[in-house]
Amino acid sequence: MVCAQVETSPRRRWQKVLYERQPFPDNYVDQRFLEELRKNIHARQYQYWAVVFESGAVAQQLCSVCVFVVTWWYMDAGMLSPQRLFGAGLVSSLLGYILFNVIDAGVGRQESGRTWWADLKSTLVFIAFTYGFSPVLKTLTESISTDTIYAMSAFMLLGHLIFFDYGANAAIVSSTLSLNMAIFASVCLASRLPRSLHAFVMVTFAMQIFALWPMLQKKLKAQTPRCYVAVTTLFALAALVGLMTISSVGAVLFALLLLCISCLCPYCLIRLQLFKDNIHGPWDEAEIKEDLSRFLM
């Protein structure tokens, strides 16, 4: 913005209007121009422990991927039978389902209008279709090399973490895409297991840990924050212990990653707020604050 120096009559003062002809250049501004300057009017003040609490969603999803990969490794090595995993997953899902309805005393179920019988039918249909198509899932990627399968699975799990809904209102968030990428990764890895029963159990376990488990965690976070923190901590410890049985170096690196996300990143975010310097003034675009929805009818 160029400020033109113009000699004018003391009786005529520049006005910030467009409907009146004035003896000033179009780019002229007076000394009051910077009086409307405002800095960081929309800046948010973060509290460290509040940011640490919110970062639990990211750490929790990383642990979910870790638990899934460790479980697949145990099944592929023959150290975990599909019957045992399916039984443990069934009991865990039943307990989680009861807890999900007890947390808010059934208010959420009443608002959604969904019945217990409808949930049971959906579960039976999913198990029946997955079990019926498990031979197809087992042979679906026989013509693809194992290295390619592992690379595709890693890429899909990474995409699952990127597009997962952590609670942020951003364009990149897509819960559907995130879940589909995780299920696709589970199908790829399940196709390298010994039998069709292994593939069926692996895909079922993937649905439990990538679809049902985050729903329970969100409910815990909204209703009982302390319980959410305890469950997240125990889940992270379980993931670390499981990974340590496979690779101690991997467990150490994963622990450092969790500490970086949960402790270091919130600290860096708060420190960087001190360097924020957003300026606002009369040069900003006009914002229409009036409700114009009545004109759309």
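The values are calculated or read from the model by the stated rules, or taken from the named source; none is laboratory data. The structure displayed is predicted, hence computed values, not measured ones. Methodologically, a virtual Cβ is constructed for each residue, glycine included, from the backbone with ideal geometry; neighbour enumeration extends over all protein chains shown. For the accessible areas, the whole protein counts, side chains as well, though only heavy atoms, and no ligand, DNA or RNA atoms are used. Shrake-Rupley method; radii C 1.70, N 1.55, O 1.52, S 1.80 Å.
Just to check your reading of the model, which residue among LEU157, LEU216 is in contact (Cβ under 8 Å) with a residue 60 or more places away in the chain and under 30 Å from ALA105 (Cα atoms)? Show your work before the answer.
Values: LEU157 fails: under 30 Å from ALA105 (Cα atoms).
Answer to the check: LEU216.
Each residue in segment 38-60 was checked for being open to solvent by 60 Å² or more (accessible area, probe 1.4 Å) and either over 30 Å from CYS265 (Cβ atoms) or assigned to a loop (DSSP other than H, G, I, E, B) (or both), and 6 pass. Within the option set PHE155, PHE126, being within 23 Å of the chain's Cα centre (by Cα) and open to solvent by 60 Å² or more (accessible area, probe 1.4 Å) holds for one residue only, PHE155.
If I ask for residues that are aromatic (Phe, Trp, Tyr) and surrounded by fewer than 11 Cβ atoms within 10 Å (Cβ to Cβ), which ones from segment 15-37 would you list?
Keep residues of segment 15-37 that are aromatic (Phe, Trp, Tyr), which gives 19, 24, 28, 33.
Answer for segment 15-37, where residues must be aromatic (Phe, Trp, Tyr) and surrounded by fewer than 11 Cβ atoms within 10 Å (Cβ to Cβ): just TYR19.
Kindly evaluate GLY132 against the criterion of being free of Cβ contacts under 8 Å to residues at least 24 places away in the same chain and open to solvent by 20 Å² or more (accessible area, probe 1.4 Å). Walk me through it before giving the result.
Working: free of Cβ contacts under 8 Å to residues at least 24 places away in the same chain: yes; open to solvent by 20 Å² or more (accessible area, probe 1.4 Å): yes.
So GLY132 passes the test.
Once segment 78-107 is narrowed to residues that are modelled with pLDDT under 90 and loosely packed, with under 15 Cβ neighbours inside 10 Å, the residue that is farthest from the chain's Cα centre (by Cα) is GLY78.
Please go through segment 70-82 and give me each residue that is touching a residue at least 40 places away in the same chain (Cβ under 8 Å) and part of a helix (DSSP H, G or I), ordered by number. Walk me through how you get there before you give the answer.
First, the residues of segment 70-82 that are touching a residue at least 40 places away in the same chain (Cβ under 8 Å): 70-73, 75-76, 78, 82.
Selection gives VAL70, THR71, TRP72, TRP73, MET75, ASP76, PRO82.
Let's see how each residue does on (1) at pLDDT 90 or above; (2) of a type in the set (Asp, Glu); (3) not in a helix (DSSP H, G or I):
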| residue | (1), (2), (3) |
| --- | --- |
| LEU253 | yes, no, no |
| LEU259 | yes, no, no |
| SER262 | yes, no, no |
| CYS268 | yes, no, no |
| LEU274 | no, no, no |
| PRO282 | no, no, yes |
| GLU287 | no, yes, yes |
| GLU290 | no, yes, yes |
| ARG294 | no, no, no |
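In segment 251-273, the residues that are farther than 12 Å from ALA59 by Cβ reach residues that are open to solvent by 60 Å² or more (accessible area, probe 1.4 Å) with C-beta atoms within less than 7 angstrom, at least six apart or across chains, in these pairs: ALA251/MET244; TYR267/TYR48; LEU269/TYR46; ILE270/TYR46; ILE270/TYR48; GLN273/TYR46. Mind checking whether some residue in segment 139-147 is open to solvent by less than 70 Å² (accessible area, probe 1.4 Å) and closer than 22 Å to LYS218 by Cβ? Among the residues of segment 139-147, not one is open to solvent by less than 70 Å² (accessible area, probe 1.4 Å) and closer than 22 Å to LYS218 by Cβ, which makes the answer no.
Would you pick out the residues in segment 166-190 that are touching a helix residue (DSSP H, G or I) at 6+ places or on another chain (Cβ under 7 Å) and modelled with pLDDT under 90? Scanning segment 166-190 gives TYR166, GLY167, ILE172, VAL173, SER174.
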